[in-house]
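The values are calculated or read from the model by the stated rules, or taken from the named source; none is laboratory data. What you see is a predicted model; the values in this text were computed from it and never measured. Because the Cβ atoms are built from the backbone with ideal geometry, glycine has one as well, and the counts that use them run over all protein chains shown.
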Amino acid sequence: MSDVIAQISMSLDGCVAGPDRGREHPLGIGGERLHQWVFGLRSWRREQGVKGGAEGPEDDLVAAWIKRLGAVVMGHTMYLTGEVPWGDNPPFHMPVYVVTHTPRESLTKEGGTVFHFVTEGPEHALALAREAAGDKDVSLAGGADLVQQFIRAGWLDELLLHVVPVLTGEGGHRLFDNIGDQPVEWRKTQVLDAPEATHIRLRATRPRSAE
């Protein structure tokens, strides 16, 4: 069965987005600082349809993660805040299952991205994503609330965490709030230290509660 992977940039104070996140500030105020490390990498730029970029260990890390994926699950808020910046050719190039309360027809974009809007809850969205991914893995794109739901349910297999040396301050969206009272242990499988971020690959050791 495919793994579920969340790949997220996080500040030193545990936030994955700045305050006042919305259409005007998709990553929250100052949230762009959490992602500066990836913008110049060749693998990231290729997904945006841009040529060139830096190679090296960080680029290899991102390229390997992209290669594993066959489908995406994301929350409705993330979709709403990203819809305009992503434009007509979003950087996913695979099926994306949006967890929402609002029924909507599937939306096909350029480059192979198809947004499917799932009203039956995150577990059903995950089942659909796994079916679409086949023998590849599923990316849990966020936001923080959805990642927390997956951690509470025991559905998150791997966390690729990019710790960026900035502080977002009060009002930021914290990754590890509201994760329930059941202990989840993580095993480090990779650590890559770079000037702009420390990249930590973690594997959940608690047995999965959903198949």
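The table below lists the values:
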{"read-out": "Answer residue from the stretch 93-105, given it is in a loop (DSSP other than H, G, I, E, B) and without any contact (Cβ under 8 Å) to a residue 40 or more places away in the chain and is nearest to Ala63 (Cα to Cα) among those", "value": "Met94"}
{"read-out": "Criterion: over 30 Å from Glu170 (Cβ atoms) and touching a strand residue (DSSP E or B) at 6+ places or on another chain (Cβ under 7 Å) - qualifying residue of Val73, Val96", "value": "Val96"}
{"read-out": "Set Gly53, Gly18, Gly31: member being of a type outside the set (Lys, Arg) and in contact with a Lys or Arg (Cβ under 6 Å, 6 or more places away or on another chain)", "value": "Gly53"}
{"read-out": "Residue under evaluation Val16, criteria (1) surrounded by fewer than 20 Cβ atoms within 10 Å (Cβ to Cβ); (2) outside any helix (DSSP H, G or I); (3) under 16 Å from the mean Cα position of the chain (by Cα), criterion not met", "value": "(1)"}
{"read-out": "Answer residue from the stretch 139-162, given it is under 19 Å from Phe115 (Cβ atoms) and either acidic (Asp, Glu) or touching a Gly at 6+ places or on another chain (Cβ under 7 Å) (or both) and is surrounded by the most Cβ atoms within 10 Å (Cβ to Cβ) among those", "value": "Gly142"}
{"read-out": "Residue list for the stretch 106-131, restricted to those being among the hydrophobic types (A, V, I, L, M, F, W, C) and either modelled with pLDDT under 95 or in a strand (DSSP E or B) (or both)", "value": "Leu107, Val114, Phe115, Phe117, Val118"}
{"read-out": "Flag for Gly56 being farther than 22 Å from Val138 by Cα, free of Cβ contacts under 8 Å to residues at least 60 places away in the same chain and touching a strand residue (DSSP E or B) at 6+ places or on another chain (Cβ under 9 Å)", "value": "yes"}
{"read-out": "Hits in the stretch 175-199 (condition: among the hydroxyl-bearing types (Ser, Thr, Tyr) and surrounded by 13 or more Cβ atoms within 10 Å (Cβ to Cβ))", "value": "Thr198"}
{"read-out": "Single unsatisfied condition, Pro95 versus (1) within 28 Å of Pro165 (Cα to Cα); (2) at pLDDT 95 or above", "value": "(1)"}
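Listed here are the residues, each with its yes/no results for (1) buried (at least 19 other Cβ atoms within 10 Å of the Cβ); (2) in contact with a helix residue (DSSP H, G or I) (Cβ under 9 Å, 6 or more places away or on another chain).
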| site | (1), (2) |
| --- | --- |
| Asp88 | no, yes |
| Pro91 | no, yes |
| Val96 | yes, yes |
| Val99 | yes, yes |
| Gly121 | no, no |
| His124 | no, no |
| Arg130 | yes, no |
| Ala133 | yes, no |
